[in-house]
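*Asks:* This is the structure, below, for whatever I ask next.
All of the numbers you see were taken from the coordinates with simple rules; none came from a lab. Note that the structure is predicted; figures quoted are calculated from it, not measured. For neighbour counting, all protein chains shown are included, and Cβ atoms are generated from backbone atoms with ideal geometry for every residue, glycine included.
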Amino acid sequence: MLIGIDKSGTTDLFSRITKHPEIKGNTGNQEKETKWWSWLRYGFWLRQNAKRRRQTFYEYISYFDSSAGHIRNTVNDQGYHNLITGDGTPMDMWDYRGWPQIPQNLYKSDPEILTPHLIRHLNPDMKFIIILRNPIDRLYSDYFFLKRGVPTSAAFDVAVNSSLQILNECNRVKSLRRCLYDANHIHKWVEKARINVGFYSVYLLEWFKVFPRDQFLILRTEDYTKDMFNHMSKLFKFLKAGELNMKQMNDLGILSKNRKHVTKVKQKVAPMSHVTRKKLLKLYTPFNKDLSAMLNDSRFLWKDI
């Protein structure tokens, strides 16, 4: 599963992954996102007023019917096949707003069971890929992606201030974890600026509580875009897919210079103001330090960006 994170290159990455002959996608949005674990099993959508019918587990697995057909056609006499399929929903890493609907959480003030626990119950050997971008730049891209019209850097600053106020007011009476997992607050941030998505260490800790570290491959967007061949080679090795050399990757389109799902509106506006960036640096730096310590990797401090 490619579980995150929004506006960090997940669509581009997933499209390249599924160009490998042994890896098949699904029939979800962009042949990548089922949106089931985080949204559709609860009847949620991006915005609060955009409700969806709850989808059953059988509807979820139907997204993989085509992949299952390919697998059936390649099974040998010993029952072995070498095909891989997966889900690429970037909200799965962080959007836990449906936790009160999980039966084990009924009547609890804090969640005990979250998406990682549910996935482990079905497949304890699942492999997870996460691609993370500097949370400040991620937020700027996310803001322009979600807004209608042509927003400005000044409007972004106003939205950030509003989002910080929402967070600070919640934090006066609740823990950060409760604030980040609360549906009402998530909906408010969607309408302003989704600062909540950038608390990577908080969300990753939930996954590390449930799955061993060696079941995760965690990449940085900034490194992936500069050295695609080595990153894709590392990824295919992690998935135990067949090794491909540079020529094979080029022939399959895995190393194409065309990027998928780039936020075009953002390319037309001014860079983020230094004042706004300074606010966000203050917000995210402690959590980047936590993330860097969790991964034992100083690159996730984003001091080189």
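*Asks:* Order 248-254, 193-199, 118-124, 284-290 from most to least packed using the mean count of other Cβ atoms within 10 Å. Before the final figure, lay out the partial values.
*Replies:* On the way: 248-254: 15.0, 193-199: 24.6, 118-124: 12.6, 284-290: 16.9.
Ranked by mean Cβ neighbours within 10 Å, highest first: 193-199, 284-290, 248-254, 118-124.
*Asks:* Which of the helices in the chain meet the span-like rule: DSSP H, Cα axial reach of 24 Å or more, Kyte-Doolittle mean at least 0.0? Display every interim value, and only then the final one.
*Replies:* Values: long enough: 153-171 (27 Å, 0.41); 274-295 (29 Å, -0.26).
Helices meeting the span and hydropathy rule in the chain are 153-171.
*Asks:* Continuing with the same structure: How much of the DSSP beta bridge set in the stretch 2-301 is antiparallel, as a percent to the nearest 5?
*Replies:* Working: 1 of 10 bridges.
Looking only at bridges with both residues in the stretch 2-301, the antiparallel portion is about 10 percent.
*Asks:* Amide H of ARG220: which non-local residues (sequence gap of 5 or more, or other chain) have their own amide H closer than 5 Å, using H built in the peptide plane?
*Replies:* Close amide H contacts, sequence-distant or interchain: LEU132.
*Asks:* Could you order peptides 239-245, 2-8, 84-90, 20-26 by the average number of other Cβ atoms within 10 Å of their residues, highest first?
*Replies:* Working: 239-245: 13.7, 2-8: 25.4, 84-90: 22.4, 20-26: 19.3.
The densest-packed peptide leads the list: 2-8, 84-90, 20-26, 239-245.
*Asks:* Relative contact order for the chain using alpha-carbon pairs under 8 Å, separation at least 6, rounded to a whole percent? Could you put the intermediate results ahead of the total?
*Replies:* Values: 383 pairs, mean separation 74.0, N = 305.
Reported as a whole number, the value is 24 percent.
*Asks:* Could you please report the charge total around MET126, scoring K, R as +1 and D, E as -1 over all other residues with beta-carbon less than 14 angstrom from its beta-carbon? Each step should come with its number before you reach the end.
*Replies:* Working: positive: ARG120, LYS127, ARG213, LYS240; negative: ASP87, ASP92, ASP125, ASP214.
Once positives and negatives cancel, what remains is 0.
*Asks:* Sticking with this one: Kirkwood hydrodynamic radius, computed over distinct alpha-carbon pairs, for the chain: how many Å, to one decimal? Can you show the working numbers first?
*Replies:* Numbers: mean 1/r = 0.0489 Å⁻¹.
Result for the chain, one decimal place: 20.4 Å.
*Asks:* Which residue, MET246, MET232, MET91, tops the fluctuation ranking in a GNM of the chain built on C-alpha contacts under 10 Å?
*Replies:* Among MET246, MET232, MET91, the largest mean-square fluctuation in the Gaussian network model of the chain belongs to MET246.
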